[in-house]
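Chemist: Quick one: the structure is below, and I'll ask about it shortly.
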Amino acid sequence: MRAAAYPAFALTAFQSRLVYRNQVWASAFGDLVSIFARIAIWTAAFAGATQVDGITLPEMVTYALLSGPLLYWEYSRVLYDVGDAVRTGDVAVFLLKPLHYPSYLLSTHFGHFAFECVAIVVPVALIVGFTVGLLPPASLFHGLMFFPYWAVSWLILFTLACLCGLLAFWLLTAFSLEWLLMAIMSLFSGAIIPLWFLPTPLATIFGYLPFAWISYYPAAVYLGKLDPTATWLHLGIGLLWLGLLTAAVLALWGKARTRLVVQGG
Amino acid sequence: MAIISASSVEKIFRQPKRQAGFGGSIRGLFSRDFTEIRAVDGISFTIQPGEAVGYLGPNGAGKSTMIKMMTGILVPSSGTVQVLGREPHTNRITNAAEIGVVFGQRSQLWWDLPVRDSFDLNRHIYDIPTARFADNLARLTTMLDMASYIDRPVRQLSLGQRMRAEIAMALLHDPKILFLDEPTIGLDVVAKDTVRKFLAEVNRDRGTTIILTTHDLVDIEEICPRLIMVDDGKLLFDGELKHLRQTLGSRRRLKLEFGTDPGPITLKTAELVTDEGAAKHFLLENEQTSILDVLTELGSGHDLTDIKLEEPNIEEVIRTFYQNKPALAGARP
């Protein structure tokens, strides 16, 4: 395998996004509208109270930005990429090259993500920061721990999207799966409502599912809602989930390759 | 040693039977019947290094399926395929590094990027040493006349330009074997000609083994001395193109024109097939018969004004072949 090819894929994906400048403006504007809508909803929900269940409004604003555009990124691109490649038979093109398809996907989508971070998330965060205000991390420890959590979050979301995309090998369409995934994830991940506002039994169950590591835990760590022991413990559980999901992706990919039906050729 | 060998290769696809109507689709969710499609049915052949082989057959004959098995992206249902001494699907990555593939209907270029960037990605993917990459790129750019558009994004290229870029892309890493699945599909006459001349040159000068599937017989005539014909997943013919003509007994056609109608003519060396009076069409008896033999037998005294000899057209040869298929099944070389 040619390791140098993978950074090159990430760079290529990044570059290819520069071509569509209007798309960048549209996405940035869309994210901005959605974040301000969520800030307005939380402001209304707090109804002048300084805190609800020990959470302050500025904390919720910061949570909305972290859990939304930054952590819960546009994963459907991964699903569509895999789904389309299967449906149109274009996956053959990747199989004809000496490369590992899941690693190719990982590097390409990391490139897309990096682009979206620079072109969309950072400007949106700056605007929100200067208008409504954002909080710094709760402590140096929490600030530093946010980074490994962020990495685990990114990889879990990527592997989940990959898994669903790969299932298209059997179901030959990723479309219905995407709806299912979208519905489950927006609730279970805490991207819309943090788990601390959910009824305790639900929050406990969701807190052990891998989806919670996408938005909820990284944002909660940033805001200092987990003490150092819990922070380390949950990072471990997150890594365990990531390992399981990665193993599932690789196993499914291996199975898909042998049962591969290249369509339309 | 053979560079590619296939022995009794079969590929069977299982397709779910679709039942008609809404009720049928609902039933299909719970129980599924499968139809078996035998895309490749017991095909064997060997290909030597440096050969150029045309793989020909009508739509749905199993050409692409065979190519996909040789490139390691489909697994044969039974039989074995060996490419460069390896089983392609179990050694997909090693195999992929040593072959080049062009699919006429699928692009391997990055749509939004300049052609040059796609080439550069291939340099990374195949780990091509920088000096060799620069050499190959310069040579291919000249040979395929790509200098004018190499810095333009792929989406702005014409089909002919794109196809030349696809072929160049498949050759940058000096593959030992080049597989092409309908490389001239949709191209205009000039573009087809460029591609054919180039492929023939690559095969001749660099010794790259070429396997090409096509509908266009001219592709085969100009690039591939050897022809493998398939239909319904079965091998119909494997051999030289001129041998195919002989096997089929396609005879050359001779047209004689006279100043005045000489009346019916019967010859031993040629058979009269159409008599238009002053113009008569004959089929020459066999490959050895020369035009001189016919004229000698005809003798002087006829008011002969023009002679025209036509080689049997390959399209015609193949059409006769498919029409006489059942009769020829036993006569396979």
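Chemist: Would you mind working out the accessible area per residue for the protein assembly as shown, using a 1.4 Å probe, and quoting it in Å²?
Modeler: Each residue of the protein assembly as shown exposes 46 Å² on average to a 1.4 Å probe.
Chemist: Related question: About the Cα centre of the stretch B:4-246, what is the dipole size in debye to 20, counting +1 per Lys and Arg Cβ and -1 per Asp and Glu Cβ, all else neutral?
Modeler: That gives a dipole near 600 debye.
Chemist: To the nearest whole number, what is the average tally of beta carbon atoms from other chains within 10 Å of the beta carbons of peptide A:91-103?
Modeler: Mean number of neighbouring Cβ atoms from other chains: 6.
Chemist: Between B:GLU87 and B:TRP111, what FRET efficiency follows from the Cβ-Cβ distance if R0 is 25 Å, with the result rounded to 0.05?
Modeler: So the FRET efficiency works out to roughly 0.15.
Chemist: Using a Cα-Cα cut-off of under 18 Å, which lysines could be cross-linked to B:LYS268, ignoring same-chain neighbours fewer than 8 residues away?
Modeler: B:LYS255, B:LYS280
Chemist: Let me ask another. Compute the orientation-averaged projected area for the stretch B:251-311 from the convex hull of its Cα atoms and round it to one decimal in nm².
Modeler: That works out to 3.6 nm².
Chemist: Now for a different question. How much accessible area is lost when chains B and A come together, counting both sides, with a 1.4 Å probe, in Å² rounded to the nearest 100?
Modeler: Values: alone 17050 and 13220 Å², together 27570 Å².
In total, chains B and A hide about 2700 Å² from solvent.
Chemist: Determine which residues of the stretch A:73-95 fall in the zone a paramagnetic label at A:LEU171 would reach in this model, i.e. backbone nitrogen under 16 Å from the point 7 Å along Cα→Cβ.
Modeler: A:76-87
Chemist: Would you please give the FRET efficiency between B:GLU221 and B:GLN288, computed as 1/(1 + (r/R0)^6) with r the Cβ-Cβ distance and R0 = 30 Å, to the nearest 0.05? Present the calculation step by step, with values, prior to reporting the outcome.
Modeler: On the way: r = 23 Å, r/R0 = 0.75.
That pair, B:GLU221 with B:GLN288, gives E of 0.85.
Chemist: Also, quick follow-up: If you roll a 1.4 Å probe over the stretch B:251-311 with all protein chains in place, what percent of the accessible area is carbon or sulfur?
Modeler: On the way: 1800 of 3710 Å².
Percent of accessible area from carbon and sulfur atoms in the stretch B:251-311: 48.
Chemist: Please state the relative contact order of chain B as a whole percent: Cα pairs under 8 Å, 6+ residues apart?
Modeler: Details: 580 pairs, mean separation 59.8, N = 333.
It comes to 18 percent, rounded to a whole number.
Chemist: For every helix of n ≥ 4 consecutive DSSP H residues, a contribution of -39,500 (n - 2.57) applies; sum these over chain B, divide by its total residues, and give [θ] at 222 nm rounded to the nearest 500 deg cm²/dmol.
Modeler: -10500 deg cm²/dmol
Chemist: Take chain A, connect every pair of alpha-carbon atoms lying under 10 Å apart with a spring to form a Gaussian network, then pick out the residue of A:PHE113, A:PHE206, A:PHE46 with the largest mean-square fluctuation.
Modeler: A:PHE46
Chemist: Same structure again: Based on the alpha-carbon gyration tensor of the protein assembly as shown and its eigenvalue square roots a ≥ b ≥ c, which shape applies: rounded if a/c is under 1.5, prolate if not and a/b is larger than b/c, or oblate?
Modeler: On the way: a/c = 3.05, a/b = 2.59, b/c = 1.18.
Judged from the Cα gyration tensor, the protein assembly as shown comes out prolate (a/c at least 1.5, a/b above b/c).
Chemist: Applying 1/(1 + (r/R0)^6) with R0 = 22 Å to the Cβ-Cβ distance of A:ALA183 and A:ALA47, what FRET efficiency is obtained, to the nearest 0.05?
Modeler: With a Förster radius of 22 Å, E is 0.15.
Chemist: Testing the spin-label approximation: label points 7 Å from Cα along Cα→Cβ at A:LEU202 and B:SER148. State their distance in nm.
Modeler: Taking the two extended label points, one gets 6.5 nm.
Chemist: Pull out a ≥ b ≥ c, the square roots of the eigenvalues of the alpha-carbon gyration tensor of the stretch A:47-200, then state rounded if a/c is under 1.5, prolate if not and a/b is larger than b/c, and oblate in the remaining case.
Modeler: It is prolate, given that a/c is not under 1.5 and a/b is the larger ratio.
Chemist: OK, next. Can you give the average number of partner chain beta-carbon atoms within 10 Å of each beta-carbon in peptide B:85-98, as a whole number?
Modeler: If you average over the peptide's residues, the count of other-chain Cβ atoms is 2.
Chemist: Take the cross-link list A:LYS97/B:LYS68; B:LYS11/B:LYS63; B:LYS11/B:LYS234; B:LYS63/B:LYS176; B:LYS68/B:LYS234 and give me the ones stretching past 18 Å between alpha-carbons. Before the final figure, lay out the partial values.
Modeler: Numbers: A:LYS97/B:LYS68 13 Å; B:LYS11/B:LYS63 11 Å; B:LYS11/B:LYS234 11 Å; B:LYS63/B:LYS176 21 Å; B:LYS68/B:LYS234 16 Å.
Listed pairs above 18 Å: B:LYS63/B:LYS176.
Chemist: Once you've got the GNM for chain B with C-alpha springs shorter than 10 Å, pick whichever of B:LYS176, B:LYS308, B:LYS242 has the biggest mean-square fluctuation.
Modeler: Highest fluctuation of the listed residues: B:LYS308.
Chemist: Between A:LEU239 and B:VAL190, what is the spin-label point distance in nm, taking each point 7 Å from the Cα along the Cα→C-beta axis?
Modeler: 6.3 nm
Chemist: Separate question: Relative contact order of the stretch A:90-242: what whole-number percent is it, with Cα pairs under 8 angstrom and at least 6 residues apart?
Modeler: Worked out over the stretch A:90-242, it gives 30 percent.
Chemist: Rounded to the nearest 10 degrees, what's the angle between the helix A:5-18 long axis and the longest principal axis of chain A, both from Cα atoms, 0 to 90?
Modeler: The answer is roughly 70 degrees.
Chemist: Right, another one. Residues of the stretch A:113-135 with amide nitrogen under 13 Å from the 7 Å Cα-to-Cβ point of A:ALA40?
Modeler: Flagged as within label range: none.
Chemist: Starting from the Cα-Cα distance between A:PHE94 and A:SER139, subtract it from 0.36 nm times their residue separation and give me the gain in nm to one decimal.
Modeler: Gain in length upon complete extension: 11.7 nm.
Chemist: Using the basic label-point model (7 angstrom from Cα toward the beta carbon), what is the A:ASP84 to B:ARG132 distance in nanometres?
Modeler: Going by the 7 Å Cα→Cβ label model, 3.4 nm.
Chemist: Sticking with this one: Using the 2.2 N^0.38 Å rule of thumb for compact globular proteins, work out how chain B stacks up: its C-alpha Rg over that value, please.
Modeler: Details: Rg = 25.0 Å, N = 333, 2.2 N^0.38 = 20.0 Å.
After normalising by residue count via 2.2 N^0.38 Å, the value is 1.25.
The values are calculated or read from the model by the stated rules, or taken from the named source; none is laboratory data. What you see is a predicted model, and the numbers here were worked out from it, not measured in a lab. Every residue, glycine among them, receives a Cβ derived from its backbone with ideal geometry; neighbour counts consider all protein chains shown. Just the protein is used for accessible areas: all its heavy atoms, side chains included, with ligands, DNA and RNA removed. Shrake-Rupley method; radii C 1.70, N 1.55, O 1.52, S 1.80 Å.
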